[in-house]
Amino acid sequence: MVRWIRILNSNNYDWEDLAQDDKYFYIGDFGDNSGSPRARPRTIFMVPKEKLLQTSDSIMADTLRFVFQDWFNDRNGEENNTNFDCEAMISFKDSLYLFSKQWKNEKTTVFVLPKISGTAVARKKTVYNLGSLVTGATYYEQGNLLALTGYHTDMKSYLTPLHQTAKLFTLPMSPFPKRDSEFRLPS
């Protein structure tokens, strides 16, 4: 750790993932195992990289508060029984992509948000049948590779590299289990 910086307008309710682009670090406060009606909206804290160069150890972040499309139809309040338990996020071009676990069928819903401060609705992009619960995501731009990590209800961990050639999320995918230590990004 090089330096601690406090984000004054944030609380860590359920921080799940980090992403970045040239201008911002994004902190995703959007986890929700219970699917319960929440008194607070899900939030992505957008930390401008230029503020990190300042000498102050306390900064204000821009915020993107959002709800998931169709979330109001799914609030059952049962633990691990929701389709809106997001734990993974990537930054891609002008959008943030969120990966939400579907607890009952182990599918993954991909939602898209614009990179703006304010409020928005996370729009449903697609659903993948990965056969595991996604808990992390990263996008390697130079290799045009998306990798998702997660686990199955048997508690085995999985890493699913998804090679893309044209647009993100357009090709059919074939998940395969692989130990994290065996996976290497292309050089």
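The values are calculated or read from the model by the stated rules, or taken from the named source; none is laboratory data. Just so it is clear, the structure is predicted and the values come from calculations on it, not from any experiment. Glycine gets a Cβ as well: all are built from the backbone with ideal geometry, and neighbour counts include every protein chain shown.
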Looking only at residues in the stretch 22-34 that are in contact (Cβ under 8 Å) with a residue 40 or more places away in the chain and within 14 Å of the chain's Cα centre (by Cα), which one is farthest from Phe99 (Cα to Cα)? Tyr26
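To keep it simple, each residue is scored yes or no on (1) buried (at least 17 other Cβ atoms within 10 Å of the Cβ); (2) at pLDDT below 90.
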| residue | (1), (2) |
| --- | --- |
| Thr82 | yes, yes |
| Ala88 | yes, no |
| Trp103 | yes, yes |
| Thr119 | no, no |
| Ser132 | yes, yes |
Among the residues of the stretch 143-159, which ones are over 17 Å from Phe99 (Cα atoms) and modelled with pLDDT of 80 or more? none
